[in-house]
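Each reported figure results from applying straightforward, stated rules to the coordinates on display, with no laboratory input. Since this is a predicted model, take the numbers as computed values, not measurements. Cβ: placed from backbone, ideal geometry, glycine included. Neighbour counts: every protein chain shown.
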Amino acid sequence: MSMKISIVIPNYNGEKLLKKNLPRVIKEIKKLRNLEIEIIVVDDGSTDGSIQELKAQNSKLKAKAQNLRLKIIKNRKNLGFASTVNRGVKEARGEIIVLLNTDVYPEMGFLEPVLPHFKDPKVFAVGMLDKSIEDDKIVRRGRGVGKWQQGFYIHRRGEIDKTDTAWVAGGSGAFRKSIWEKLGGFAEIYNPFYWEDVDLSYRAKKAGYKILFEPESVIVHEHEKGIIKRQFSTWKIKSLSYRNQFLFVWKNANPAQLISHFLWLPYHLLKSFFRADICFFIGFLWAIKRKLTFTK
């Protein structure tokens, strides 16, 4: 299947991960034939040696792989995941955008099962099977299920024996660029991270496009080595997740769902109070502030 592919990798202080995982991505990409492929790494204002590492790998690539190019883009300051990915997609020349995080590396032949799905023009995105390393165990993720419940959109890991999915992960998925542009890409209100991929997938399905899961396409995800776990405290990660959960509802709920949300809200606030879940209250207040001040 002949097409142009752009692999977009957002990076923030991921020097060690780039040194380990980017060569693995390049190795797999070089095996593909009849495809025009580029790799775009968007650096989100790193303060480590990420840029130097990328330049070193680019020099090696130019000497060895004539059919593959590496493009390095630098944000002047740290913007967050959604903004960084959006910039990479904007600069991409490919018809299909493959998003990979720096803490992800592909298994052999990870792209071949994904690409045929895009013969259907209604397919927007295809998710990959995510071998997530968690507490020295492998949890197979990649397919999600979601539903509106007690005033919130609740999403969770789904079993991997089906091909439907509620969303395609922003760190291990393939997306059709033309539809991405129609939908406006990741909503930057969710910066610095979380819920942007759930939001985009939800909007795509609402617009009538297809979201699929391909279990034969496999990547390995070392969550504990990623920047979020290393850079942010547990309470901040949890508070931001709550914040973005609120923002998702306020952004995407229809009138009936929004009424249900506000009717259930006192119950959730009281429940969090009795459970001493301070992060819920922080997330709620952050969401109000974000909603009032966000302009883009």
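Cα axis of helix 196-206 to longest principal axis of the chain: angle in degrees, 0 to 90, nearest 10?
The angle comes out near 80 degrees.
With a/c under 1.5 counting as rounded, go ahead and sort segment 5-138 into rounded, prolate or oblate using the C-alpha gyration tensor (a ≥ b ≥ c being the square roots of the eigenvalues; past the cut-off, prolate if a/b is larger than b/c, else oblate).
rounded
Under a crude label model (7 Å from the Cα following the beta-carbon direction), how far is residue 133 from residue 47 in nanometres?
For residue 133 paired with residue 47, the spin-label model returns 2.7 nm.
Using the Karplus curve 6.51 cos²θ - 1.76 cosθ + 1.60 with θ = phi - 60°, what ³J(HN,Hα) values do you get for each residue of segment 30-44, in whole Hz, with x for Gly and Pro?
Couplings: 5, 6, 7, 10, 6, 10, 9, 10, 10, 10, 10, 10, 9, 8, 9 Hz.
Treat each spin label as a single point 7 Å out from the Cα along the C-beta direction, and report the residue 234 to residue 293 distance in nm.
2.8 nm
For the pair residue 278 and residue 203, how long in nm is the line joining their label points, each one 7 Å along Cα→Cβ?
3.4 nm
How would 249, 42, 8 line up from fewest to most surrounding beta-carbon atoms within 10 angstrom?
Ascending Cβ contact count within 10 Å gives the list 249, 42, 8.
Apply the a/c threshold of 1.5 to the C-alpha gyration tensor of segment 234-293 and tell me whether it is rounded, prolate or oblate.
It is oblate, given that a/c is not under 1.5 and a/b is not larger than b/c.
Of the labelled options (i) 149; (ii) 116; (iii) 133, which one gives volume of the Cα convex hull per residue in Å³ as computed for this structure?
(iii)
Hey, what angle do you get for helix 81-91 against the long axis of the chain, alpha-carbon based, 0 to 90 degrees rounded to 10?
40 degrees
State the extension gain, in nm to one decimal, for the chain segment bounded by residue 56 and residue 250, taking 0.36 nm per residue of separation less the distance between their alpha-carbons.
65.4 nm
Quick one: grab the alpha carbon gyration tensor of segment 195-296, order the square roots of its eigenvalues as a ≥ b ≥ c, and give me rounded if a/c is under 1.5, else prolate or oblate depending on whether a/b is larger than b/c.
oblate
Taking the Cα centre of segment 65-194 as the origin, how large is its charge dipole in debye, to the nearest 20, when only Lys and Arg (+1) and Asp and Glu (-1) carry charge on their Cβ atoms?
520 debye
Just subtract the alpha-carbon distance of residue 271 and residue 76 from 0.36 nm times their residue separation and send over the number in nm, one decimal.
Here the segment from residue 271 to residue 76 would lengthen by 66.0 nm.
For 153, 267, what ranking results if the residue with the fewest other Cβ atoms within 10 Å of its Cβ goes first?
Ascending number of Cβ neighbours within 10 Å: 267, 153.
Check the straight Cα-Cα distances from residue 291 and name the lysines below 18 Å, setting aside those fewer than 8 residues away within the same chain.
Those lysines meeting the cut-off are 251.
Return the FRET efficiency for the residue pair residue 162, residue 63: r is the Cβ-Cβ distance, R0 is 41 Å, and the value is rounded to the nearest 0.05.
About 0.40, to the nearest 0.05.
Could you give the angle, 0 to 90 degrees to the nearest 10, between helix 15-29's Cα long axis and the longest principal axis of the Cα atoms of the chain?
60 degrees
Which of 76, 93 comes first, and how do the rest follow, when ranked by fewest Cβ neighbours within 10 Å?
76, 93
Take residue 95, project a point 7 Å from its Cα along the Cβ direction, then tell me which residues of segment 114-129 have their backbone nitrogen under 19 Å from it.
114-127
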